[in-house]
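Take a look at the structure below.
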Amino acid sequence: MSDHLTDAETFMWRLGRDPWLASTYGALSLLDGPVDLDRLRERLLGAAIRMQRLRQRVLEGRGQNPRWITDPEFDLAFHLRHLAMPSSSTDIDLLDFAARLVDDPFDKTRPLWTFYVIDHGDGSAVLTKLHHSLADGAAGIQLALEYMELSAARSSPDRGDPDSSQPDSSELAKLIRTESPPDDPKAAWAEAVKTGANHRLGRLRHGLGEVAMYLADRPRIGEHATALFDGVKETAEQLSSRVPPSPIWTNRSRRRTLRRVSGDLPTAVEAARSRGGSLNDLLLAATAEAAHRVHRARHDVTDLIPGSFIVSTRSEGELGGNAFSPASIGLPIGEMTLDQRFDAVVALALDAKSKQDDMPDLFEALAGPARLIPSAGLTLIGRQQAAKLDLATSNLRSSPVPVWVAGARIVGNCPIGPVGGAAANLTLMSYCDQLDIGIHADPSAIDDVDEFVACFADAWAALTRHAA
């Protein structure tokens, strides 16, 4: 894997400095019993040994993308935490608590992941929290394979297979010492000079010309900055939806509410196929129907609102990192039957995908020029553009067979997609023959989140009711 963040990851890293635009995401796994903490710690130790990125943090640098370096003070205990809900807590309390934990900013001087084991009632839950610059949702699922097991019993390692031996903390310490040599001030200074020189040589001639022009015409500085700001903003607008945002979901904040809707996976897949669409189309149609019902209850007759869905760019066998691109779609929320809404979503999603093939990646197109804009200006653009997106959606596959976490079986999930300035994020995760949709919403935008969730659950039930 690259030592530097990609342009897309750098873009998310910079935007994430603003709590409104943070790209932190997570998944709450619901378990049928308590977790063996020592066993989970052992699994995560093995993951930290095998996956270098888990022991790395981000180091900022001038003139180039930030890079990944091993944290010389990496401490697994910091990344694995044990909490307990009050005995009187409900499932809703657990969801809201998980939302607050995900919303809590990362310590950017440490690796960007945390596991929370949460005791709740007769069972427990494991919350996995990741920063998007570390990995996307698909890569997060791959990480989950490092700590999940196929039975409740502790697996007995095959001593003939070195990859299956018990992890050793001394091995991790050795890796960290090897990857984090003692500071050499002279070498660090030489590297900084070399990096800065390489970055600036290509721009020196242009820079000298600009300086000369600035000295001759000082207003040119402000004009150049304004032009750069407007250029990035215009690019963002061209790549985003032209559909006006909802007139009733205009507010935005950093507050978050989390809710969960569950269903039967085979029934949903069959319902989507029988209607000539996919599971992703079903998610978009139920989302549009829920938005329609909320708007109708408030006597609003809007026909379209801006939404998005994720198109994976991950190739066969590709692991880790980020490999996705958001596609814009106008969600049809006008007056129509449920069948008509599904058909409209299928057509609109197909059109959005075809346009996506002919359009540069959103992050890649913005990342280059955005490097030249101060963080405050980039945050302003990010907030302006994010407020024009109402509903973001995503679809993830998890394990097709039952899995356990340190002796406790996973009985359900609640994916927590990044809101990132939208009104809500709806992420679907399949597991065995069930699916769970996590609805991560900004209650300042959607003033009655429970009403929206109830409308979504009813729409999902209606769309899947006619499956053969």
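With respect to the conditions (1) assigned to a helix (DSSP H, G or I); (2) basic (Lys, Arg); (3) surrounded by fewer than 20 Cβ atoms within 10 Å (Cβ to Cβ); (4) at pLDDT below 90, residue 62 falls short on a single one, namely (1). Among the residues of the range 91-115, the one identified as within 27 Å of residue 51 (Cβ to Cβ) and in contact with a Cys (Cβ under 8 Å, 6 or more places away or on another chain) is 98.
The number of residues in the range 49-59 that are in a helix (DSSP H, G or I) and either hydrophobic (A, V, I, L, M, F, W, C) or without any contact (Cβ under 8 Å) to a residue 24 or more places away in the chain (or both) comes to 2. With respect to (1) assigned to a strand (DSSP E or B); (2) under 27 Å from residue 427 (Cα atoms), the lone exception for residue 111 is condition (1).
Residue 112: buried (at least 20 other Cβ atoms within 10 Å of the Cβ), at pLDDT 95 or above and either of a type in the set (A, V, I, L, M, F, W, C) or within 21 Å of residue 436 (Cβ to Cβ) (or both), yes or no? Considered against the rule, which asks whether it is buried (at least 20 other Cβ atoms within 10 Å of the Cβ), at pLDDT 95 or above and either of a type in the set (A, V, I, L, M, F, W, C) or within 21 Å of residue 436 (Cβ to Cβ) (or both), residue 112 comes out as no. From the list 93, 122, 75, 104, which residue is under 26 Å from residue 408 (Cβ atoms), surrounded by fewer than 15 Cβ atoms within 10 Å (Cβ to Cβ) and under 21 Å from the mean Cα position of the chain (by Cα)? Every option except 104 fails the conditions. Taken together, the residues in the range 7-48 that are assigned to a helix (DSSP H, G or I) and modelled with pLDDT under 90 amount to 12.
In the set (1) modelled with pLDDT of 95 or more; (2) assigned to a strand (DSSP E or B); (3) farther than 13 Å from residue 21 by Cα, residue 396 fails one condition alone, (1). Residue 78 - would you say it is modelled with pLDDT of 95 or more, part of a loop (DSSP other than H, G, I, E, B) and closer than 19 Å to residue 172 by Cα? For residue 78, the condition - modelled with pLDDT of 95 or more, part of a loop (DSSP other than H, G, I, E, B) and closer than 19 Å to residue 172 by Cα - is not met. Residues in the range 264-289 that are under 23 Å from the mean Cα position of the chain (by Cα) and hydrophobic (A, V, I, L, M, F, W, C): 265, 279, 282, 283, 284, 285, 286, 288.
The values are calculated or read from the model by the stated rules, or taken from the named source; none is laboratory data. Remember, predicted model here, so these are calculated numbers, not experimental data. We place every Cβ from the backbone using ideal geometry, glycine too, and count neighbours over all the protein chains shown.
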